[in-house]
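Take a look at the structure set out below.
Read the figures in this text as sums done on the coordinates, not as results from a lab. No experiment lies behind these values; they were computed from the predicted model shown. Please note: Cβ atoms are built from the backbone with ideal geometry, for glycine as well, and neighbour counts cover all protein chains shown.
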Amino acid sequence: MASRRIKLAPSILSADFSRLGEQVAEVTKAGADYIHVDVMDGHFVPNITIGAPVVASLRSWTDLPLDVHLMIEQPEAHISQFAEAGADIITVHVEAATHLHRLVEAIKDLGVRVGVSLNPATPISSLDEVLPLLDLVLVMTVNPGFGGQAFIGSMMGKIARLRKVLDDRQARVELEVDGGITASIAPKVAEAGAEVLVAGAAIFGSKQGAGKALQEMRKSLGLSG
Ligand code: DX5
Ligand code: ZN
């Protein structure tokens, strides 16, 4: 078991949207660390989800950091809206940014934490120049767009390589992993060096209910409670 403190970030993409507030309150009570909010525009990814008004509504249901994952084109046009809505972390995709450095600075100027995400095919080296500016790197372990996809096994090596880069550079950056994480895969992802684990279908799609599923995943990681 990795010694670093692992955080769990349930993704609301697989929640029952008709009672989203209650579902978020349930995983908050069960020990979630962040609430992961997937924003999709139907262009950068082939699916449309939610926007800033939903982030603003969630604010009254949890005190946890709202971890907003923007899978959208032209993210620079929308970041202020999400910061105003109450996002605590705003993550953009390197593949969606023409001027990544400017975008990262703009997010920092909004007073929120900044993350950058890599699609499965995007190399770690694309982060080289901005790494010192970041709070979080999000490694996608599925091709983004949908919940409930299978974890791409070859991404385990990428997580471990990124861990080494962060350690070698003594970067104070959280390594978050997103896509296909289940209670059985979670400990392996943690072992490879991840600190924040996003899980959607395994939590909100679970028959036993989101709170129980989250507790199970915590147990699989050796987290107390
Ligand atoms: C995928 C999203 C993920 C997704 C994860 O494009 O970024 O956050 O909700 O869902 P699961 O855990 O079901 O793969
Ligand atoms: Zn996500």
Cross-link pairs Lys29/Lys212; Lys158/Lys207; Lys29/Lys207; Lys29/Lys219 - those with Cα-Cα distance over 20 Å: Lys158/Lys207
Computed Rg/Rh of region 1-108, alpha carbon atoms with Kirkwood Rh: 0.98
Amide proton proximity set for Gly180, modelled H, under 5 Å, gap of 5+: Gly148, Gln149, Gly200
Relative contact order, percent, region 1-53 [alpha-carbon distance under 8 Å, six or more residues apart]: 35 percent
Karplus-derived 3J(HN,Hα), 6.51/-1.76/1.60, for each residue of region 167-178, Hz, glycine and proline x: 5, 4, 8, 6, 7, 8, 10, 7, 9, 9, 10, 9
Amide H within-cut-off set for His93, under 5 Å, with H built and near neighbours excluded: Ile72, Ser117
Relative contact order, percent, region 82-225 [alpha-carbon distance under 8 Å, six or more residues apart]: 17 percent
Karplus (6.51, -1.76, 1.60) ³J(HN,Hα), θ = phi - 60°, over region 192-199, in Hz, Gly and Pro reported as x: 6, x, 6, 10, 10, 10, 8, 8
Positive-end residue of Phe151, His78, Thr49, charge dipole of the chain with Cβ unit charges: Phe151
FRET efficiency for Asp128 and Lys188, using Cβ-Cβ distance with R0 set to 30 Å, rounded to 0.05: 0.65
Net dipole in debye of region 16-93 [+1 Lys, Arg Cβ; -1 Asp, Glu Cβ; about Cα centre; nearest 20]: 160 debye
Order by protection proxy (mean Cβ within 10 Å, highest first), peptides 72-79, 192-199: 192-199, 72-79
About the Cα centre, charge dipole magnitude for the chain (Lys/Arg +1, Asp/Glu -1 at Cβ), debye: 800 debye
Relative contact order of region 129-204, defined on C-alpha pairs under 8 angstrom at six or more residues apart (%): 37 percent
The chain: calculated mean residue ellipticity at 222 nm from DSSP helix runs of at least 4, using -39500 (n - 2.57): -8500 deg cm²/dmol
Net charge of Cβ neighbours under 9 Å - reference Leu66; Lys, Arg +1; Asp, Glu -1: -1
Per-residue ³J(HN,Hα) for region 202-211, Karplus 6.51 cos²θ - 1.76 cosθ + 1.60, θ = phi - 60°, Hz, x for Gly and Pro: 5, 9, 7, x, 6, 5, 7, x, 5, x
Förster radius 35 Å - calculated FRET efficiency between Arg161 and Asp109 (Cβ-Cβ, nearest 0.05): 0.70
Interchain or long-range residues, amide H under 5 Å from Val196's placed H: Lys7, Leu175, Glu176, Val177
Mean Cβ neighbour count within 10 Å, used as a protection proxy, ranking 159-166, 122-129 highest first: 159-166, 122-129
Student exercise, region 131-214 dipole from Lys, Arg, Asp, Glu Cβ charges, in Debye to nearest 20: 220 debye
Relative packing of 218-224, 115-121, 4-10, 137-143, which averages over residues the other C-beta atoms within 10 Å, highest first: 137-143, 4-10, 115-121, 218-224
